[in-house]
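Nothing in this text is a laboratory measurement; each read-out follows from the coordinates by a stated rule. Note that the coordinates shown come from a computational prediction; the quantities given were computed from them, not determined experimentally. Heads up, the Cβs are rebuilt from the backbone with ideal geometry, glycines too, and the neighbour counts pull from every protein chain shown.
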Ligand SMILES: CC(C)(COP(=O)(O)OP(=O)(O)OC[C@H]1O[C@@H](n2cnc3c(N)ncnc32)[C@H](O)[C@@H]1OP(=O)(O)O)[C@@H](O)C(=O)NCCC(=O)NCCS
């Protein structure tokens, strides 16, 4: 993530969710996320659970731009705002546990993260890259107000690059 905003911000509360820095108690959910074949479908696959159990740090995800998304006290997903080159200096990423899909949680959390970013870095755009075959992610990008910059081929798949605000 670019710019001088202090990290971490105070936890961000939405109607149903909290966006916050990671805690040691999130570790099992991190492992579930990265071990899930469904989560990995359009992002290069999942990793073996035993490998994740060995290699996941005691406090995963502690870095600027990394939000854990919490529902009723438990982690259901993560949102990243990471540095990148090109159309914008910051890129949005999102991964949610499959049991949390289909409730609008990703949209609610990403909108809050983008709102926080816009306040912390006024006027700075955010990029988003997703496979075009990832229909839920394409729908989410549109709902959030990203607009298409280009489509291109990479990692053997068609990719969509968008920018926000559109
Ligand atoms: C991409 C991803 C976050 C999208 O999750 P999602 O739950 O479909 O996204 P949203 O939060 O926008 O929820 C939309 C769905 O919730 C439904 N919904 C239910 N209640 C809702 C509510 N109160 N408000 C809004 N939507 C609601 C919508 O109808 C929609 O369902 P549909 O897709 O069947 O039409 C999820 O598929 C994921 O984590 N995938 C794996 C990781 C990944 O590929 N990330 C992208 C990397 S670029």
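Things to note:
- Rounded to two decimals, the Cα-based Rg/Rh of the range 95-166, with Kirkwood Rh, is 0.99.
- Label point 7 Å beyond Cα of residue 25 along Cβ direction - residues of the range 72-100 with amide nitrogen under 16 Å: 72-77
- Size-normalised alpha-carbon gyration radius of the range 1-81, reference 2.2 N^0.38 Å: 1.15
- Length-normalised contact order for the chain - Cα pairs under 8 Å, 6+ apart - percent: 20
- Potential lengthening of the chain between residue 55 and residue 147 amounts to 29.4 nm, from the contour at 0.36 nm per residue minus the alpha-carbon distance.
- Computed helical MRE - 222 nm, the chain, DSSP H runs ≥ 4 contributing -39500 (n - 2.57), nearest 500: -8000 deg cm²/dmol
- Alpha-carbon radius of gyration plus Dmax, which is the widest Cα pair, for the range 28-68 in Å: 10.7, 27
- For the chain, the spread of Cα positions along the three principal axes, ordered from largest to smallest, is 39, 38, 29 Å.
- Full extension of the chain between residue 13 and residue 158 yields a length gain of 48.7 nm, computed as 0.36 nm times the residue separation minus the alpha carbon distance.
- Protection proxy ranking for 12-24, 47-59, using the average of other Cβ atoms within 10 Å per residue and placing the highest first: 12-24, 47-59.
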